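This report refers to the structure that appears directly beneath it.
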2 protein chains.
Amino acid sequence: MSSNQQPYDELITELKRISLLGSCASVLNWDRETYMPSGGAELRAEQVSLIAGLEHQWATSPQLGELLENLSQTDLGADDSVEAVNVREAKRSYERATKLPQRLVEELSRVSALSQHAWSEAKQANDFSAFEPWLKQMIALKREQAACLQQTDGPLYDALLDSYEPGMTTAQVQSTFSQLREQLVPLVAKIAEASNKPDRTIVCRSFPVDAQREFSKQMAAEIGFDFHRGRIDVSAHPFCSGFGPGDCRLTTRYDDHFFNMAFFGTLHEAGHGMYEQGLLPEHAGTPMGRAVSLGIHESQSRMWENLVGRSRSFWQHAYGNARKMFPESLGNVPLDAFYGAINYVEPSMIRVEADEVTYNLHIMLRFELEQKMIAGELEAEQIPEAWNETFREYFGIVPASDAEGCMQDVHWSAGYIGYFPTYALGNIYASQFFEAAQKQLGNLDELFARGEFQSLKEWLNKNIHQRGQQYPAAQLVEVVTGNSFSADALIKYLKLKFGSLYHLE
Amino acid sequence: MSSNQQPYDELITELKRISLLGSCASVLNWDRETYMPSGGAELRAEQVSLIAGLEHQWATSPQLGELLENLSQTDLGADDSVEAVNVREAKRSYERATKLPQRLVEELSRVSALSQHAWSEAKQANDFSAFEPWLKQMIALKREQAACLQQTDGPLYDALLDSYEPGMTTAQVQSTFSQLREQLVPLVAKIAEASNKPDRTIVCRSFPVDAQREFSKQMAAEIGFDFHRGRIDVSAHPFCSGFGPGDCRLTTRYDDHFFNMAFFGTLHEAGHGMYEQGLLPEHAGTPMGRAVSLGIHESQSRMWENLVGRSRSFWQHAYGNARKMFPESLGNVPLDAFYGAINYVEPSMIRVEADEVTYNLHIMLRFELEQKMIAGELEAEQIPEAWNETFREYFGIVPASDAEGCMQDVHWSAGYIGYFPTYALGNIYASQFFEAAQKQLGNLDELFARGEFQSLKEWLNKNIHQRGQQYPAAQLVEVVTGNSFSADALIKYLKLKFGSLYHLE
């Protein structure tokens, strides 16, 4: 490495500078979603666009390209050494960035802003025809983007998937999803027929917002989110934004007659936040200090939300406090009734409120439609019908409107096509990691029941967070769990948990 | 102008781009003071420093210099035409900026962020020794900055004063301040001896924070601050930051046993905010769309806070509502007792809580110490003692701690040395403007008593805000009032108001 030290240091300095600039835009975006007054929208768009333009310019500079080219031809040590990883991943990003013409980048950013606005209004008016031209344009732009990025002779969709889940192919996702689906569909059917059903209305009683805020913040802190290095605010669409070391922002939203939304939303975002807080500060701004993929990020949020937060043992610890916080609604509710209510399984229209079992079916539906859109086999105007048909096939029900059907999510309007699969991949990774953690740490339920979450958090810090982008997702799974990527652990977990909850055999 | 149109347009585009970048830093600074978790301080310092460095680079580019040089040698119309003003002021800024080395700019920005953080913690712990090394570093940096900027053979302090109050000299401030002081000291003494004193404890009763928040926000909206284009939050040190058209942020702080702090603080910041909101959007990012000076800015905040907000006529309108909001504390208090309490005059420790009469003495003390710091005659470690000595000389009392002594204000930690005098200049300008407005609009008290604030606001919009930097402060005073800059109007106002309130002679 010694002869490369100077150009390598130059690279790191430049990567950190680019990342620091990007982190300024993150603050601006966070403020837009949390505190910005309505009159500030136009100025904010100009600010963010100025920074995005600069960032793209820096990230595609010929000097950076030359530096990367030279460094990648020299000996940087083992493939998973800090230096090799940083050069490999920086080169990957550079090559992707430079494949996109400036015109396309600007067009995508412009149309995305306008299209999200059109989507939001069309959704509110339940008027798909007002959104359709924007969706049509977005699909065309994403196909063009995919064609620029495409490296193999596989489907175009591969290139989009690779933006969010590097290294994962459409074929791999298809095969894993179909295995998962084969098991989930009969499980959902059995649950539907079960005679012993929890009372879901318990979580729809009155839950005063102030108490929700206090309780969910307290539990987020207990599982390990560090509020000295982060905070939580309110936004219409919950998110987590890690600005960099020492500052990670979460958001949630409150419904005073629905416990699950803010509470599990907070644990979910705290899970994302603990990943951001667990990255090594000395690698901040470089691939070694950045999350592997959206799927791995989602594995952290879904693990804390579901595998921990929706477990019976978590509530053995937390329920006493919950009852104190919500005496009117939970005072006379036994632990197991509450546990049943937060885990109620039912085919439903809205992905973000779906239970652990049906959630993945929502993703598969979107994955199926997205592949067709990008392959040119599904036009924008055909989407509502295709959505409803597939929905009936998967869930046995049909959305009453496009607003709670194909227009429920912001993603397509924003150009996030290829993003949805990472949500289900996150569930799969989460189960694999959790199984491995169980093996290494002993009975996690016993720990949770005592309010002991630190062992799991530290295990995740060490095995996942601190590795940054050392390994692509599938390889990380192998390194951490000893098994290859597979839906087996998720299937086993769901069958065991819901088999017991619904008294299935 | 026609032959210069193209280079002029180029100039405007570049000025707007530089200003837009600066506005990103304003958002980052606002967030640092309002919502940023403590762990984010270091990252924030890096972010702000990156942007400040870039901004300085753009603001000192040779291309910009050439453009300005060429334009300033051509005919741009009358001296106070939009084009002439923009070129004149842009050139002034360019010349100042190019005198500062990039290293110094970045260092100042970085140290300022860290030092403010250290100040905040040291103030809380009342531990000057923890702040001292930062203050020492800051004084050194500011002396270096002054030496770079210095144009005349006057005191170094001139160069710093000129950063905040262009065109004003240390000698002018000294002479005006000594005239003011000659009149204030006997006035304070007379008031101290007055037999008829209001009951100050009225404003120290219980004022629930929620009601304070609602009432002060409502009155800020009534005087004309537009909450669709702004908002108000809480920070340790209240401020106003106009990000640009459509987005202006105010902050305040609440004490549930002191009415004045949040209420008059809010009116004060709203006065600043109305200046920002009154600038013409089409000139945003250019000198014609920017405030004249800090002193003129302060004239707006002090006018709404004091000349309006602490007037009897304002409360003739507002007191009924105040009593409804705070029935327990004000229900049995007559209007005049309340009016006396909010105008209680007394030597006190804290500048921002000082009454209108003693306030200016707080400024003179800081002005005196700052001149010595910059002249190299006062080291950081000597400041607490010098503060306390001068305080005794001016006020006859000594602060019990450094937290309420020399560490009470954020300014020095942030590098704002030369800034304090603009507060007293603001009081002087405010009285001159108010006198002129009275002459042109008729009896303002009658309007205020009916809750009619729009005439004054529009008069300020037209005569001050919409002029941007068309005239330097002293000239603006002449154009607007027909009189030259002088403390006479302020002295007359204070003698009249407090002579009547305290039944003097």
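Sort out which residues of the stretch A:149-158 are free of Cβ contacts under 8 Å to residues at least 60 places away in the same chain and surrounded by 15 or more Cβ atoms within 10 Å (Cβ to Cβ), and write them in order of number. Explain how you work it out, then say what you get.
In the first step, residues of the stretch A:149-158 are kept if they are free of Cβ contacts under 8 Å to residues at least 60 places away in the same chain; the result is A:149-154, A:158.
Passing the criteria: A:Leu149, A:Gln150, A:Asp158.
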Can you find even one residue in the stretch A:182-205 that is in a loop (DSSP other than H, G, I, E, B), at pLDDT 95 or above, under 30 Å from A:Leu20 (Cα atoms) and of a type outside the set (S, T, N, Q)?
-> no
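Here's the yes/no breakdown for (1) touching a helix residue (DSSP H, G or I) at 6+ places or on another chain (Cβ under 6 Å); (2) touching a residue at least 60 places away in the same chain (Cβ under 8 Å):
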{"residue": "B:Cys204", "(1), (2)": "no, no"}
{"residue": "B:Phe207", "(1), (2)": "yes, yes"}
{"residue": "B:Glu222", "(1), (2)": "no, yes"}
{"residue": "B:Phe225", "(1), (2)": "yes, no"}
Just to be sure, is A:Ala436 among the hydrophobic types (A, V, I, L, M, F, W, C) and either in contact with an Asp or Glu (Cβ under 7 Å, 6 or more places away or on another chain) or in a helix (DSSP H, G or I) (or both)?
-> yes
State whether one or more residues within the stretch B:293-305 are among the charged types (D, E, K, R) and part of a loop (DSSP other than H, G, I, E, B).
-> no
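For A:Trp387, indicate whether it is crowded, with 18+ Cβ neighbours inside 10 Å and over 28 Å from A:Ile191 (Cα atoms).
When the stated conditions are applied, A:Trp387 does not pass them.
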Working only within the stretch B:475-485, note down all residues that are surrounded by fewer than 17 Cβ atoms within 10 Å (Cβ to Cβ) and at negative phi.
-> B:Gln475, B:Glu478, B:Val479, B:Asn483, B:Ser484
Give the stretch A:8-37 a look and list any residue that's under 19 Å from A:Ser61 (Cβ atoms) and either of a type in the set (A, V, I, L, M) or modelled with pLDDT under 95 (or both), or say none.
-> A:Leu11, A:Ile12, A:Leu15, A:Ile18, A:Leu20, A:Leu21, A:Ala25
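The rows are residues; the columns are (1) assigned by TED's automatic domain parsing to the domain that holds A:His117; (2) on the phi < 0 side of the Ramachandran plot; (3) small (Gly, Ala, Ser); (4) in a loop (DSSP other than H, G, I, E, B).
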{"site": "A:Val345", "(1), (2), (3), (4)": "no, yes, no, yes"}
{"site": "A:Met364", "(1), (2), (3), (4)": "no, yes, no, no"}
{"site": "A:Lys372", "(1), (2), (3), (4)": "no, yes, no, no"}
{"site": "A:Trp387", "(1), (2), (3), (4)": "no, yes, no, no"}
{"site": "A:Phe391", "(1), (2), (3), (4)": "no, yes, no, no"}
{"site": "A:Ala403", "(1), (2), (3), (4)": "no, yes, yes, yes"}
{"site": "A:Asp409", "(1), (2), (3), (4)": "no, yes, no, yes"}
Of all residues in the stretch A:52-73 being of a type in the set (A, V, I, L, M) and within 14 Å of chain B (Cβ to nearest Cβ), which is nearest to B:Leu54 (Cα to Cα)?
-> A:Leu54
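Rundown of residues vs (1) in contact (Cβ under 8 Å) with a residue 60 or more places away in the chain; (2) under 30 Å from A:His503 (Cα atoms); (3) surrounded by fewer than 17 Cβ atoms within 10 Å (Cβ to Cβ), yes/no style:
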| site | (1), (2), (3) |
| --- | --- |
| A:Ala122 | yes, no, no |
| A:Ser129 | no, no, yes |
| A:Leu184 | yes, yes, no |
| A:Val188 | yes, yes, no |
| A:Asn196 | yes, yes, yes |
| A:Arg200 | yes, yes, yes |
Boolean, B:Arg88 is within 25 Å of B:Gly242 (Cα to Cα), within 11 Å of another protein chain (Cβ to nearest Cβ) and assigned to a helix (DSSP H, G or I) | no
Give the stretch B:239-285 a look and list any residue that's surrounded by fewer than 22 Cβ atoms within 10 Å (Cβ to Cβ) and basic (Lys, Arg), or say none.
-> B:Arg253
Which one of these is at pLDDT 95 or above, acidic (Asp, Glu) and buried (at least 19 other Cβ atoms within 10 Å of the Cβ): A:Asp210, A:Asp162?
-> A:Asp162
By residue number, the members of the stretch A:397-419 that are exposed (fewer than 15 other Cβ atoms within 10 Å of the Cβ) and touching a Pro at 6+ places or on another chain (Cβ under 7 Å) are A:Ile397
Is the stretch B:412-428 home to any residue that is under 21 Å from B:Glu182 (Cα atoms) and in a loop (DSSP other than H, G, I, E, B)?
-> yes
Which of the residues that make up the stretch A:1-41 are of a type in the set (A, V, I, L, M, F, W, C), farther than 16 Å from B:Val48 by Cα and more than 10 Å from every other protein chain (Cβ to nearest Cβ)?
-> A:Met1, A:Leu11, A:Ile12, A:Leu15
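The values are calculated or read from the model by the stated rules, or taken from the named source; none is laboratory data. Treat the numbers as computed from the prediction; the structure is a model and nothing was measured. Cβ atoms come from the backbone with ideal geometry, glycine included; neighbour counts cover every protein chain shown.
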